[in-house]
1. Would you mind classifying the range 1-49 by shape? Square roots of the alpha carbon gyration tensor eigenvalues, ordered a ≥ b ≥ c; an a/c under 1.5 is rounded, otherwise it is prolate if a/b is larger than b/c and oblate if not.
2. How would you order 31-44, 83-96 from highest to lowest mean count of nearby Cβ atoms within 10 Å?
3. Taking 0.36 nm per residue of sequence separation and subtracting the Cα-Cα distance, how much length would be gained by fully extending the chain between residue 121 and residue 56, in nm to one decimal?
4. Mean residue ellipticity at 222 nm from the helices of the chain, using -39,500 (n - 2.57) per DSSP H segment of n ≥ 4 over the full residue count, to the nearest 500 deg cm²/dmol?
5. Does the chain come out rounded, prolate or oblate by the C-alpha gyration tensor, with a ≥ b ≥ c the root eigenvalues, rounded set by a/c under 1.5 and, if not, prolate when a/b is larger than b/c and oblate if not?
6. Relative to the present Cα-Cα distance, how much length would full extension add between residue 36 and residue 130 at 0.36 nm per residue of separation?
7. Set the Förster radius R0 to 22 Å, insert the Cβ-Cβ distance between residue 24 and residue 95 as r into 1/(1 + (r/R0)^6), and round the FRET efficiency to 0.05.
8. Quick check on the exposure proxy: order 77, 58 from fewest to most C-beta atoms within 10 angstrom.
């Protein structure tokens, strides 16, 4: 999967922000005392690698992780500036809550935060749903002959 690039000054993002304002969940920055809960939730619902990136997000100031809360329950997260400066992700939504616009609201809020912090562009590293990012935020694939920053990443052996 390619890395992708998105301009944080795109009119597509302004429209996306308007569309996601009606999302019924609260999206806010994570708080330091929530770190263990959020990291554990990400590990249980997604992966150890993503849990590691969320841990890095908590080491940033401001904390580089936004959370989606529904009726006092964690239902999603989105990080930025974890793998490398300017990178969006990882991001994920509880499987029972998908299809409600939560992921798009997290994406929009995260990119808006990155813009506020002075980024002009964001990278979506190893973008899984390429068509989704292209359509939703106008991201374009970065032409590269290899896998970029994730090339040669250490992984646990298969059992």
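Taken together, the values in this text are just the output of simple stated rules run on the coordinates, not laboratory data. This structure is a prediction, so every number in the text was calculated from the model and none was measured. Here the Cβ positions follow ideal geometry from the backbone for every residue, glycine too, while neighbour counts run over all protein chains shown.
1. On the way: a/c = 2.59, a/b = 1.48, b/c = 1.75.
Oblate, since a/c reaches 1.5 and b/c is not below a/b.
2. Descending mean neighbour count gives 83-96, 31-44.
3. Taking 0.36 nm per residue and subtracting the Cα distance, the gain is 21.3 nm.
4. After summing the helix terms and dividing by the residues of the chain, the value is -10500 deg cm²/dmol.
5. Values: a/c = 1.45, a/b = 1.02, b/c = 1.42.
Rounded.
6. 30.8 nm
7. Using R0 = 22 Å, I get an efficiency of 0.80.
8. In increasing order of surrounding Cβ atoms, one gets 58, 77.
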